[in-house]
1. Given charges of +1 on the Cβ of Lys and Arg and -1 on the Cβ of Asp and Glu, with all other atoms neutral, how large is the dipole of region 184-227 about its Cα centre, in debye to the nearest 20?
2. For the pairs 28/224; 220/254; 28/204; 31/224; 109/190, flag any whose C-alpha to C-alpha distance is greater than 27 Å.
3. Give me the log10 of I(q) over I(0) for region 61-139 at q = 0.13, 0.17, 0.22, 0.24 Å⁻¹, as the Debye formula computes it from C-alpha points; what are the numbers?
4. Round to the nearest 10 and report in Å² the accessible area of residue 88, as given by a 1.4 Å probe over the protein chains' heavy atoms.
5. Let me cross-check residue 201: its accessible surface, 1.4 Å probe, with only protein heavy atoms counted, in Å² to the nearest 10?
6. How big is D, in µm² s⁻¹, for the chain by Stokes-Einstein at 37 °C and 0.692 mPa s if Rh is the Kirkwood radius over C-alpha pairs?
7. Given a Förster radius of 51 Å and the C-beta distance between residue 255 and residue 171 as r, what FRET efficiency does 1/(1 + (r/R0)^6) yield to the nearest 0.05?
8. Suppose only helical runs count, i.e. DSSP H with n ≥ 4. What mean residue ellipticity at 222 nm does that imply for the chain under -39500 (n - 2.57) per run, divided by all residues and rounded to the nearest 500 deg cm²/dmol?
Amino acid sequence: MPRAIWSGVVSFGLVSVPVRMYTATESKELKFHFLDRRDMAPIGYDKVNKETGKSVDPDDIIRGFEVSKGQFVELTEEDIDRLDVELTHAIDICDFVSIDEIDPLYFRKGYYLLPQEGAEKPYRLLAKALQETGRVAIAKVVIRNKQHLAAVRPVEDTLVLETMYYADEVRQPEEAPKPQVRQPEIEMAKTLIENLAATFDPEKYHDRYRNELLDLLKKKAKGKPLPEPSEDEGGEVVDLMEALRQSVAATKKKRSAPARRKTSGAKKQKTASSRRKTASRKAS
């Protein structure tokens, strides 16, 4: 488990549960560097004045906000202290809601909340109560000088805090065209969905692009031959209903194959059992 990034209390009513916060996810995205073509040396990041192009000493760099085009206002630590938002180490629960009411679009990043020493029982009590009520806690929390909206929910026996976007941070989609869809097409699409239905297993999904790119970079570093670039043949325009029909047929075959193997295996076991019984009767 990595080092805790935050510690405080989960507070609801008169109850306080001391917890430590740990990052629950990590990005596996490949990170690239800018290099000098002449000697392959990394290019450094310099803080320069955009007006003069000259480097700026770290002591002369301040924080500011652009209130209008080209007009900046400095923001100091004293200004932050004037805010009427208390930067407490508390996860203040505002409401308990059903998770079905929250669109996944609002979720931002997940963190594990683990109990501090001596807080195991109230921690367990909160997790168990959330499990049995089917509710999640909507809370406010300040992390790294920024107030977040968050949801606290149990995952098995562990509490997870997921930061959320505020309502004004979620953009509304543009109105999309709504062509007429025939009922037979809907029914065929529903059949295809049911044929592809499965239990969610995150272990079965892999970042194929990242893995292949990493493999290519390793081969290139060792001077091994690289595969030929793939050519985009373009997508063939097909009849929607025919495409659905072919997809349903293909998925139906895939689903029926394991069932046939299972039935075949059962028949073989039954046949073998019958033969053993017949041989036993003859022997007696």
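The values are calculated or read from the model by the stated rules, or taken from the named source; none is laboratory data. What you see is a predicted model, and the numbers here were worked out from it, not measured in a lab. With ideal geometry, Cβ positions are generated from the backbone for all residues, glycine too; neighbour counts draw on all protein chains shown. Side chains included, ligands, DNA and RNA excluded: accessible areas come from the protein's heavy atoms. Shrake-Rupley method; radii C 1.70, N 1.55, O 1.52, S 1.80 Å.
1. Rounded to the nearest 20 debye, it is 700 debye.
2. Going by Cα-Cα distance, 220/254; 109/190 fall outside the 27 Å limit.
3. One equal scatterer on each Cα of region 61-139 leads to -0.71, -0.91, -1.13, -1.23.
4. Using a 1.4 Å probe on the heavy atoms, I get roughly 40 Å².
5. 70
6. Here the translational diffusion coefficient equals 122 µm²/s.
7. Once the sixth-power term is evaluated, E becomes 0.85.
8. After summing the helix terms and dividing by residue count, I get -10500 deg cm²/dmol.
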